[in-house]
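Derivation of every value follows stated rules applied to the coordinates shown; laboratory data play no part. These numbers come from a predicted model, not from an experiment. Cβ atoms come from the backbone with ideal geometry, glycine included; neighbour counts cover every protein chain shown.
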Amino acid sequence: MARWIAGIFLLLLLVAGPLLGIGAQQRQPAQTGPTLVTPGASLAGIRLEESILRILARFGVPSEIRTVGQDQLYIFWRYGITVYVRDGAATGISTTNSLLRTREDIGVGSRIEEVTATFGTNFVNTAVEGYRGIAYPHLGIAFGLENQTVVVVYVFRPQAAASTGGGGTTTESAQQNPAASSAPQLTYPDVSKLRPFTPETKNLSLPGYLRYLVYQQTGLWISYGDAVRIVKEQLARTEGK
């Protein structure tokens, strides 16, 4: 009788053990889970370099498709997600959805102090989808800011070189550390060496032409006040050389 009871108990352990194991695994956040932002890798389960056809199969028809530079932007307003696509594969993913967070609970709504406490101060000051922001090129993540609060999160492939590309500018910290470079699509174009109100600036002022260039890169307009400030900074750097 005792052997029979022991056999029943062992059978229950064999059946329940794997189930308990599965439950424990499910409590751990998945690397590409539906609400997870993974720097340099994925956002909301969308992996960098994933085929746009696979993405469309999961998310459906985008609200809008826009061409910006060499990329096509597949915008899913319903989810607050934009996928940057080049040659049929995702090169970057951004979100304005506050439900999408990193493992450290950083996302839209986080303060810049929380971002730097989590990812460090080795960042690049740059434009992120038309907002002033900071990027961690060596990690593959950037944050657009408004009033020192994150309003957009952008994930891209980590960058190893120190070049900013596209005539952009880097911060002093980036120049001191070759690992801290900005992604080309995130930098403000340098207009300090151009002459305003000429054909090379499309007969616009320098701030106006900068706004136009940023719009061509991101599909969003930065404010005229921000453009004036950025141009002043660029001119000051040029005159100081």
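Convex hull of alpha carbon positions in the range 61-159: directionally averaged projected area 6.4 nm². Ordering T91, F119, T102 by the projection of their Cα atoms onto the charge dipole of the range 74-150, which places +1 on the Cβ of Lys and Arg and -1 on the Cβ of Asp and Glu, puts T91 at the extreme positive end. The HN-Hα couplings worked out from phi for the range 57-74 by the Karplus form 6.51 cos²θ - 1.76 cosθ + 1.60 (θ = phi - 60°) are 5, 8, 9, x, 6, x, 5, 7, 10, 10, 9, 10, x, 8, 9, 9, 9, 9 Hz, whole numbers, x standing for Gly and Pro. What you get for the range 199-240, charging only the Cβ of Lys and Arg (+1) and of Asp and Glu (-1), is a dipole of about 60 debye around the Cα centre.
Roughly how compact is the range 199-240, stated as its Cα Rg over 2.2 N^0.38 Å to two decimals? Mind dumping the intermediate values first?
On the way: Rg = 10.6 Å, N = 42, 2.2 N^0.38 = 9.1 Å.
Output field value: 1.16.
Evaluating 6.51 cos²θ - 1.76 cosθ + 1.60 at θ = phi - 60° for every residue in the range 189-196, the Karplus couplings come out as x, 8, 10, 5, 9, 9, 9, x Hz, glycine and proline recorded as x.
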